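Everything below concerns the one structure shown next.
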Amino acid sequence: MFGIVAATGTLPGLIAPYLTGRLLDSAPTRDAGCTQAFLLTAVVTLASGLAALAAIRPERDARRPRPDRARGARR
């Protein structure tokens, strides 16, 4: 499970430089390419934030039984 989390967490670090370079190369001017790259970053950040707001519920997670507590382990 940790390998999957690590792989998905580092994947944007491989994709972002390539995509940014493609945006800069395909734009008519360097400024337009930078603007496109920053706007794409803003859209992805906004979408990720909205997904996190929809999916993360601390109250629900606090009520969920923890595996270490179910076996009788004490901290």
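Points worth noting:
- The charge dipole of the chain, taken about its Cα centre with unit charges on the Cβ of Lys, Arg, Asp and Glu (plus for the first two, minus for the last two), comes to roughly 820 debye.
- Sequentially through the range 47-62, phi angles give Karplus couplings (6.51, -1.76, 1.60; θ = phi - 60°) of 5, 5, x, 5, 5, 5, 4, 6, 9, 8, 10, x, 5, 5, 5, 5 Hz, Gly and Pro residues having no value and appearing as x.
- Separation in nanometres of the label points that stand 7 Å from Cα toward Cβ, at residue 19 and residue 2: 2.8 nm
- Comparing 48, 36, 2 along the charge dipole axis of the chain, the residue lying farthest to the positive side is 2, per the Cβ-charge model.
- For the chain, the solvent-accessible area works out to 89 Å² per residue, with a probe of 1.4 Å and every protein chain left in place.
- Summarising the amide proton neighbourhood of residue 27: residues at separation of 5 or more, or on other chains, whose placed amide H is nearer than 5 Å comprise an empty set.
- Rounded to 10°, Cα long-axis angle of helix 2-26 versus longest principal axis of the chain: 10 degrees
- Residue-averaged [θ]222 nm for the chain, counting only DSSP H segments that reach four residues, each worth -39500 (n - 2.57): -26500 deg cm²/dmol
The values are calculated or read from the model by the stated rules, or taken from the named source; none is laboratory data. Bear in mind that the values here come from a model prediction, so they are computed numbers and not experimental data. A quick note on method: Cβ atoms are made from the backbone with ideal geometry, for glycine too, and the neighbour counts reach across all protein chains shown. Only protein heavy atoms, including side chains, enter the accessible area calculation; ligands, DNA and RNA are left aside. Shrake-Rupley method; radii C 1.70, N 1.55, O 1.52, S 1.80 Å.
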